[in-house]
There are 2 protein chains.
Amino acid sequence: MWDVAEELKAMLVFAEHRYYGKSLPFGSNSFKDSRHLNFLTSEQALADFAELIKYLKRTIPGAENQPVIALGGSYGGMLAAWFRMKFPHLVVGALAASAPIWQFDDIVPCGVFMEIVTTDYRKSGPNCSECIRRSWDAINRIAGNGTGLPWLSETLHLCTPLKNTQDVQSLKDWISETWINLAMVDYPYESNFLQPLPAWPIKVVCQYLKDPSVSDPQLLQNIFQALNVYYNYTGQARCLNMSETSTSSLGSLGWSYQACTEMVMPVCTNGINDMFEPHSWDLEEFSDYCFRQWGVRPRPSWITTLYGGKNISSHTNIIFSNGDLDPWSGGGVTKDITDTLVAIIIPEGAHHLDLRANNAFDPTTVLLARSMEVRYMKQWIRDFYASLRKKY
Amino acid sequence: MWDVAEELKAMLVFAEHRYYGKSLPFGSNSFKDSRHLNFLTSEQALADFAELIKYLKRTIPGAENQPVIALGGSYGGMLAAWFRMKFPHLVVGALAASAPIWQFDDIVPCGVFMEIVTTDYRKSGPNCSECIRRSWDAINRIAGNGTGLPWLSETLHLCTPLKNTQDVQSLKDWISETWINLAMVDYPYESNFLQPLPAWPIKVVCQYLKDPSVSDPQLLQNIFQALNVYYNYTGQARCLNMSETSTSSLGSLGWSYQACTEMVMPVCTNGINDMFEPHSWDLEEFSDYCFRQWGVRPRPSWITTLYGGKNISSHTNIIFSNGDLDPWSGGGVTKDITDTLVAIIIPEGAHHLDLRANNAFDPTTVLLARSMEVRYMKQWIRDFYASLRKKY
């Protein structure tokens, strides 16, 4: 965005979503109870952006008659797309990077997400995904032994030792989340989005996961080496902290609430098409969790009702970009819907690689994607001025 | 709609807006305080309609893959237009009859509404609007006399006698509202929308208001005869009740709250281009009134921010119909915006005449309007099926 803004002589505005960062509507009480959380919705966020744009246009000299483009990645990409859908009078178009707007309801199969994660590992090293697939039972077997828990805690260098079966489940969830996060940030160069990481981190991980036929203890030692790539690339960590997952700085509290209300994105595994323990998508279980956690129950169909689900062809000027490595691409728009609702695919791309700054190691496909995106934006801007001229 | 539904083999669904009629979300507490009223917004109403349509499609056999059209008049017409703008995936088009979607902010001059009212009276009888213009000062002069208030109360057959200057203002407001309402329901045949009324009621009113040069008492006696057309066409009323204005059955309580929050529609008079006492639009005064009445203050620009104001050309398939006699046409869309955002004018039409049942006294222009409306609807339906066929 910094590179492109200069080319387009554009002003960049980063709007902070309410309930994230410093935008707390009730200060330290903002997460106190569901009453205080009532204003944490995607609709409210879009309304904030609308007010912000009008405010900027009113107060910044020369801004009044300028075209605005919405850009975002991930949830921010969904918001960018939805903003163009709901406020087409305020933005001439939107770039929705890695925006899984179809990962709702039953629009895409819930298994697709973890299948893409698995593919990333399968392609990043021989037997890599197979090693991970076998690791779960290895953990279960070791945990079943008398000295299994302390052994696992020590072998994996956990900061807090495992105490019971529930902790073992947490361990497996935490490892799964790590593999998922690595799939999202499998960038072609050193980066620091969720964690400081080497280039193509999954390839690095997979160097430790080559032989699925080793003994359970050896497999777990290898898993530790692999996890260490993610949690200790800098070499500073003395132990691995299961409670600190990578995404806490992105506002996991707010997202947890949103996932329990509007943003219900079904994910499931079967252990066959993916390398994870089988777990079906259970809305009732999830709903009970949400009720315990937040005192609310999810409305899994609301996003589809509000934003149209697959039926969005009457909108215009939205670019949906997706990287094939990104698990979220499974719920994204990966084929053109119309001439002006277009899909851009980045075969070597992970989660919104196209939004990152230019890098010497960028694959050609992302350079191409960025140049297409700029071309569309320039077209929107031209169309905007053409329609202005027609008006006066 | 009944006539057209049969032709289109359509199901008619009348959705009741929350906080109106029996749709009270907190029962008898619904209007208790601003906290209970928080859910009375146009957005919430649109969301209700979205849920309703999805529910009907899910539960009524055969409804699933049928196209839906939104229809409405007045505020309902605005909702129909806005629903197509915000939920184009749920309705293939909208007929927005007499929907003053531009009577907000400073999109149209605030004087236009009362100018149209005035024109209706000016064209309905010689000197008619001039008699009304003079009546205000006549009331003021008579009210200034020692015996003025009892004389006025008796002459106008008021159920409750006037007691003070404030009552005189209420009287003038009530008379003004009567003239406005008559302009809205100036239909070409006997009708009973706001009140039981004769055909072309303003013409009947104007038969009593021909000579503006009569004495003040005579002018007020004539005004009484004119008011009597509106309040006592059936001859049953023993006195005229200032507190019972015509529109109470339409849910004036809910509308009063909405006018004090989102639906701020500026109206003003100058006594020159219109026949009323001069009254400028004073947002601050209005805001204070709203705060006293409801404990809220209006957000006069929100509707424009949310629904686009004049900048709506990216939407499609909305018919805006307006009658030239209707004061609300001043804030309506009366020129085509694009090929699919079209305006239909009914020169002899009052407030959403086109939505009323066919009548032998319908002017040709409303018949033409209705047939054009049906033609557009059929086109939307054809387009819907064509795009379905393309999909499968």
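The values are calculated or read from the model by the stated rules, or taken from the named source; none is laboratory data. Please read these numbers as outputs of a predicted model, since none were measured by experiment. Ideal geometry is used to build each Cβ from the backbone, glycine not excepted, and the neighbour counts take in all protein chains shown. Heads up: the accessible areas ignore ligands, DNA and RNA and are worked out on the full protein's heavy atoms, side chains in. Shrake-Rupley method; radii C 1.70, N 1.55, O 1.52, S 1.80 Å.
Odds and ends about this structure:
- Scanning region B:335-346 for any residue that is among the aliphatic types (A, V, I, L, M), in contact with a Leu (Cβ under 7 Å, 6 or more places away or on another chain) and under 29 Å from residue B:114 (Cβ atoms) turns up at least one such residue.
- Residue within region A:48-70 that is within 26 Å of residue B:313 (Cβ to Cβ), in contact with a Gly (Cβ under 8 Å, 6 or more places away or on another chain) and assigned by the TED database to the domain that holds residue A:312 present: yes
- The one condition in (1) of a type outside the set (Ser, Thr, Tyr); (2) in contact with a strand residue (DSSP E or B) (Cβ under 9 Å, 6 or more places away or on another chain); (3) under 30 Å from residue B:71 (Cβ atoms) that residue B:279 fails to fulfil: (3)
- Scanning region A:381-392 for residues being out of contact with any Pro (no Cβ under 7 Å at 6 or more places or on another chain) and in contact (Cβ under 8 Å) with a residue 40 or more places away in the chain gives a total of 3.
- Subset of region A:49-71 (residues that are within 30 Å of the chain's Cα centre (by Cα), more than 11 Å from chain B (Cβ to nearest Cβ) and among the charged types (D, E, K, R)): none
- Which listed residue, of A:250, A:283, A:240, is open to solvent by 30 Å² or more (accessible area, probe 1.4 Å) and at pLDDT below 95: A:250
- Within region B:79-100, residues that are at pLDDT 95 or above and basic (Lys, Arg) sit with their Cβ atoms under 8 Å from residues that are in a strand (DSSP E or B) and open to solvent by 10 Å² or more (accessible area, probe 1.4 Å), at 6+ positions apart or across chains, in these pairs: B:84/B:70.
- Any hit, region A:80-91, residues being more than 14 Å from chain B (Cβ to nearest Cβ) and either closer than 21 Å to residue A:335 by Cβ or touching an Asp or Glu at 6+ places or on another chain (Cβ under 9 Å) (or both): yes
- Failed condition for residue A:107, given (1) of a type in the set (A, V, I, L, M); (2) within 14 Å of chain B (Cβ to nearest Cβ); (3) assigned to a helix (DSSP H, G or I): (3)
- Residue that is farthest from the other protein chains (Cβ to nearest Cβ) [pool: residues in region B:92-102 that are among the aliphatic types (A, V, I, L, M), under 22 Å from residue B:113 (Cα atoms) and outside any strand (DSSP E or B)]: B:99
- Count of region A:190-215 residues, restricted to those that are under 15 Å from residue A:175 (Cβ atoms), open to solvent by 10 Å² or more (accessible area, probe 1.4 Å) and at pLDDT 95 or above, is 1.
- Scanning region A:13-48 for residues that are within 22 Å of the chain's Cα centre (by Cα) and over 21 Å from residue A:252 (Cα atoms) yields one hit, A:13.
- Test: residue B:371 is touching a residue at least 24 places away in the same chain (Cβ under 8 Å), under 24 Å from the mean Cα position of the chain (by Cα) and assigned to a helix (DSSP H, G or I): no
- Helices (runs of 4 or more DSSP H) wholly inside region B:116-194 that include at least 1 residues being within 28 Å of residue B:355 (Cβ to Cβ): B:128-144, B:165-184
- Qualifying positions in region B:4-47 - assigned to a loop (DSSP other than H, G, I, E, B) and within 14 Å of another protein chain (Cβ to nearest Cβ): B:38, B:39, B:41
- Hits in region A:318-352 - residues which are open to solvent by 10 Å² or more (accessible area, probe 1.4 Å) and part of a loop (DSSP other than H, G, I, E, B): A:324, A:325, A:334, A:335, A:336, A:337, A:338, A:339, A:340, A:347, A:348, A:352
- Hits in region A:1-51 - residues which are modelled with pLDDT under 95, among the charged types (D, E, K, R) and open to solvent by less than 60 Å² (accessible area, probe 1.4 Å): A:33
- Pick from region B:129-166, criterion touching a strand residue (DSSP E or B) at 6+ places or on another chain (Cβ under 9 Å) and of a type outside the set (A, V, I, L, M), ranking: least open to solvent (accessible area, probe 1.4 Å): B:159
Let's see how each residue does on (1) small (Gly, Ala, Ser); (2) surrounded by fewer than 23 Cβ atoms within 10 Å (Cβ to Cβ); (3) within 28 Å of residue A:52 (Cα to Cα):
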residue: A:74; (1), (2), (3): yes, yes, yes
residue: A:77; (1), (2), (3): yes, no, yes
residue: A:94; (1), (2), (3): yes, no, yes
residue: A:97; (1), (2), (3): yes, no, yes
residue: A:105; (1), (2), (3): no, yes, no
residue: A:109; (1), (2), (3): no, yes, no
residue: A:112; (1), (2), (3): no, yes, no
residue: A:120; (1), (2), (3): no, no, no
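- Number of the exception - residue B:77 against (1) more than 25 Å from residue B:382 (Cα to Cα); (2) away from chain A (no Cβ under 12 Å): (1)
- Failed criterion for residue A:338 (all others in (1) over 30 Å from residue A:286 (Cβ atoms); (2) in contact with a strand residue (DSSP E or B) (Cβ under 8 Å, 6 or more places away or on another chain); (3) within 14 Å of chain B (Cβ to nearest Cβ) hold): (2)
- Counting only helices (runs of 4 or more DSSP H) that fall entirely inside region A:216-316 and contain at least 1 residues that are more than 14 Å from chain B (Cβ to nearest Cβ) and not small (Gly, Ala, Ser), the qualifying elements are A:216-231, A:252-259, A:283-294.
- Residue in region B:78-87 that is touching a helix residue (DSSP H, G or I) at 6+ places or on another chain (Cβ under 8 Å), within 19 Å of residue A:314 (Cα to Cα) and not in a helix (DSSP H, G or I) present: yes
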